[in-house]
1. Of the conditions (1) farther than 21 Å from Pro131 by Cα; (2) in a loop (DSSP other than H, G, I, E, B); (3) modelled with pLDDT of 55 or more, Thr10 clears all except one; give me its number.
2. Looking only at region 162-174, decide whether some residue is aromatic (Phe, Trp, Tyr), modelled with pLDDT of 95 or more and either touching a helix residue (DSSP H, G or I) at 6+ places or on another chain (Cβ under 6 Å) or assigned to a strand (DSSP E or B) (or both).
3. So which of Val195, Val146 ends up being aliphatic (A, V, I, L, M), surrounded by fewer than 22 Cβ atoms within 10 Å (Cβ to Cβ), in a loop (DSSP other than H, G, I, E, B) and at negative phi?
4. Just give me the residues in region 182-202 being among the basic types (Lys, Arg) and touching a residue at least 24 places away in the same chain (Cβ under 8 Å), in sequence order.
Amino acid sequence: MPPPHPTKRTSPVVLALAFVLLALGGCATFTTVHQPVQDPHEGLRVVSYNIAMERLEDAQDLADLLKHHPALRGFGVLGLQEVCQRSKLLGLLKTTKDRQDSVHFVPDKPPKPNAADSDCNKGLATVSRWPIQARGVIHLPRVRNVQRNAIWTDILWTPGPEHPPRPLRVYNLHLDNASAGIPSAWGRWLQMKRVLAHIERWRNAHPNADIIVLGDFNNFGQEPRQPYPPEATIARVQSKLNSALEHYRATHVSSHQTDWIFYGGQLRLLQAGVACLWRSDHFPVVADLTSTALGPHTP
């Protein structure tokens, strides 16, 4: 895997925490399940990354990293959390020399009429290499009077040059990180139940379609040698879909595994891991997938 890739924004504290993660086997640790594709533009590379309200002036720098970092380049689907509505990042990602991507962005709350230029109004964004066929938003229950959303995106992705496009539903979410008056885990479970109900209705109508659920689940308890089971949000999704990170991988500087990629349908995992990109308090989760329609021996 690529060497650590610090940037101009990396503080000494973040660097120290990142080296701890590296020692724990989190950052830059990839698990190969099947032989990965040699060309990142083939197959389906999925990335989930909470960019922590990236500063507006750093949009070009982050766009370059997302497009050229060895572990991320050539992504087919990119799910971002905490994207500032006024940022130029999505426009910079949308068009490059060799591809023109589609973007679905939804802010957490409606923008203020006279908002200052510095107002982030963060939200969720899904970037797709392939055209977006349909899109929508799921307003999650307010557990501390803070609006949280999940967004869904329908894509026709192409597994290979000689194979027809396949329907793919992508859910991108950012669950609550704290709750007033009720336990945080219970607040996240209330929100996840609404997403799972939406998924169930969709899968009943599209039983053979491929599906990806990704994002920042803000869950706790996913640590090495944890003395308790994972939160209900994680356990329930794992009972319905496959997790790209089958074993513990720290995705947050706190050493928790809070960021996930789940997949189902005819998708098959090639390799997955956590990339060293030290710009946020989160690290990107990466999964290389292919379709079982290509056969078991397709590289």
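1. Checking Thr10 against (1) farther than 21 Å from Pro131 by Cα; (2) in a loop (DSSP other than H, G, I, E, B); (3) modelled with pLDDT of 55 or more, the one that fails is (3).
2. yes
3. One residue alone meets the criteria, Val146.
4. Arg188, Arg194
The values are calculated or read from the model by the stated rules, or taken from the named source; none is laboratory data. Note that the structure is predicted; figures quoted are calculated from it, not measured. Ideal geometry is used to build each Cβ from the backbone, glycine not excepted, and the neighbour counts take in all protein chains shown.
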